[in-house]
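S.K.: Have a look at the structure that comes next, please.
The values are calculated or read from the model by the stated rules, or taken from the named source; none is laboratory data. It should be emphasised that the depicted structure is a prediction, and the values quoted were computed from it without experimental measurement. Neighbour counts are summed over all protein chains in view; Cβ atoms, including those assigned to glycine, are modelled from backbone coordinates with ideal geometry. SASA here: full protein model, heavy atoms, side chains in, ligands and nucleic acids out. Shrake-Rupley method; radii C 1.70, N 1.55, O 1.52, S 1.80 Å.
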Amino acid sequence: MTPPRRVAIVGGNRIPFARSNTVYATASNQAMLTSALEGLIERYNLHGERLGEVVAGAVLKHSRDFNLTRECVLGSRLAPETPAYDLQQACGTGLEAALLVANKIALGQIECGIAGGVDTTSDAPIGVNEGLRKILLQANRGKSTGDKLKALLQIRPRHLAPSLPRNGEPRTGLSMGQHCELMAQHWAIPRDEQDQLAVESHRKLAAAYAEGWQDDLLTPFLGLTRDQNLRPDIDLEKLAGLKPVFERGARGTLTAGNSTPLTDGASLVLLASEDWAKARGLPILAYWRDGEAAAVDFVKGAEGLLMAPVYAVPRLLARNGLRLQDFDYYEIHEAFAAQVLCTLKAWEDAEYCRTRLGLEQPLGAIDRERMNVKGSSLAAGHPFAATGGRIVANLAKLLAVAGEGRGLISICAAGGQGVTAILER
Ligand SMILES: CC(=O)SCCNC(=O)CCNC(=O)[C@H](O)C(C)(C)COP(=O)(O)OP(=O)(O)OC[C@H]1O[C@@H](n2cnc3c(N)ncnc32)[C@H](O)[C@@H]1OP(=O)(O)O
């Protein structure tokens, strides 16, 4: 499918990602996203510009943040007349935001927009106990002091227990890691293959930093100039010695080394019509071609929680008349090494492709040399909603440097969802 109007990816900006509860421990989502936005404004000379819209989101958001993205715009040097709003699709948030902005540009509804996301697991929201919340609301409704007092006198010590955020699926009670461990077992993904993928991710990201690849993709924040999780001297033997964390028995394969760490960070990308970009003398790194989201029934169905991109990609390929092999780059978000390996294995499996995806032929294998060539989430870290922006900017730059080509993005998300996209140049 060719969009009605070509959508240019001008470039992106992010702050370096930090491991949870370290450098950005006291930084809010608003501070991080505003910093990423200011960096983008600086890089592309957007001071005082009224943009079509800014769309971003956070998976973990305080209720006080209300419309977080709009607050960030108001705190930035963009024109305050720039509309902005939050969107949330778990780890797919940043890419879904880009899809939305790109579609509006393609349709001629807006000329330009910024898309991305932010997350902090350090400054996570803590809710009051549900019982206490009900009592406080009752007290608030009270007409007289007596009514209010009567409500407040119901408070018991048990009401003081806070409501903490959980990195888990509400409908199964299992964490992302436990779900992915089940997928790894279903697809028989060996531990050593997961560790090898993690090593490659760190080595490739380290090489990217060494060549200055990130210089025009990120701006330092709170003294951090590089993704903090990156281990340039990663050692396969050490990795192999780590204990499984999500299933401690002999069957467990997911460890702290082949899983993404809990991470804080923010990222954004600038998209525009060709005319808008050219009128301002801005670069066009690549073009947004198309995007597709999918969801799977991981609750009652037999599908793995993080398998939705496996379904989205064949739909995207069919609509665009492409094969899985027709790409120069593959950006497959490394939520867990096992997630990537399950995805690749599923696309190669004739029976699965026939019965689940309804395909006569399997999608087949990809050239692994073209996958995550500058490293991915295992090395950079994964601040949930911020991963999409990091990946879009990285792929757009890869295509710009190559001068031509096509790239596929695949991002799995909580809730059994996935978002995918094609960029080209
Ligand atoms: C759609 C999606 O994207 S789903 C994905 C969403 N993301 C998640 O669910 C996050 C999953 N990750 C987590 O929950 C956590 O990071 C965990 C449970 C995996 C690990 O947490 P922790 O145990 O706190 O990790 P921690 O960083 O302390 O590492 C544990 C140990 O492994 C070591 N380690 C971690 N990575 C490596 C590595 N690459 N090489 C060598 N050692 C390593 C650490 O040094 C540490 O060693 P120590 O105990 O001697 O200090």
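S.K.: State yes or no: is ARG315 touching a residue at least 40 places away in the same chain (Cβ under 8 Å), out of contact with any Phe, Trp or Tyr (no Cβ under 6 Å at 6 or more places or on another chain) and among the charged types (D, E, K, R)?
M.R.: no
Yes/no per residue for (1) surrounded by fewer than 18 Cβ atoms within 10 Å (Cβ to Cβ); (2) touching an Asp or Glu at 6+ places or on another chain (Cβ under 8 Å); (3) closer than 24 Å to SER35 by Cβ; (4) of a type in the set (Ser, Thr, Tyr):
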residue	(1), (2), (3), (4)
SER163	yes, yes, no, yes
ARG166	yes, no, no, no
CYS180	no, no, no, no
MET183	no, no, no, no
ILE189	no, no, no, no
GLN194	no, no, no, no
ALA208	no, no, yes, no
GLN214	no, no, yes, no
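S.K.: Residues that are surrounded by 18 or more Cβ atoms within 10 Å (Cβ to Cβ): find the strands (runs of 3 or more DSSP E) completely inside segment 42-125 holding 3 or more of those.
M.R.: Answer list for segment 42-125: 53-56, 112-119.
S.K.: Let me ask something else. Write out, first by first residue and then by second, each pair whose Cβ atoms fall under 6 Å of each other, whose residues are 6+ apart or on separate chains, and whose first residue, in segment 360-373, is among the charged types (D, E, K, R) while the second is assigned to a strand (DSSP E or B) and crowded, with 18+ Cβ neighbours inside 10 Å.
M.R.: Listed pairs, sorted by first residue: ARG370/TYR329; ARG370/TYR330.
S.K.: Counting only residues that are open to solvent by 40 Å² or more (accessible area, probe 1.4 Å) and under 30 Å from ALA8 (Cα atoms), how many does segment 246-273 have?
M.R.: 0
S.K.: If only one of ALA414, ALA379 is surrounded by fewer than 24 Cβ atoms within 10 Å (Cβ to Cβ), within 16 Å of the ligand (Cβ to nearest atom) and touching a residue at least 12 places away in the same chain (Cβ under 8 Å), which one is it?
M.R.: Answer to the check: ALA414.
S.K.: Considering only segment 1-41, how many residues are among the polar types (S, T, N, Q), more than 27 Å from LEU316 (Cβ to Cβ) and assigned to a loop (DSSP other than H, G, I, E, B)?
M.R.: So the count comes out to 5.
S.K.: Do the conditions hold for ALA293, that is, is it open to solvent by 10 Å² or more (accessible area, probe 1.4 Å), away from the ligand (no atom under 16 Å from the Cβ) and either in contact with a Gly (Cβ under 7 Å, 6 or more places away or on another chain) or without any contact (Cβ under 8 Å) to a residue 24 or more places away in the chain (or both)?
M.R.: Considered against the rule, which asks whether it is open to solvent by 10 Å² or more (accessible area, probe 1.4 Å), away from the ligand (no atom under 16 Å from the Cβ) and either in contact with a Gly (Cβ under 7 Å, 6 or more places away or on another chain) or without any contact (Cβ under 8 Å) to a residue 24 or more places away in the chain (or both), ALA293 comes out as no.
S.K.: Okay, next question. In segment 330-356, what count of residues is obtained for those that are assigned to a loop (DSSP other than H, G, I, E, B) and buried (at least 23 other Cβ atoms within 10 Å of the Cβ)?
M.R.: 3
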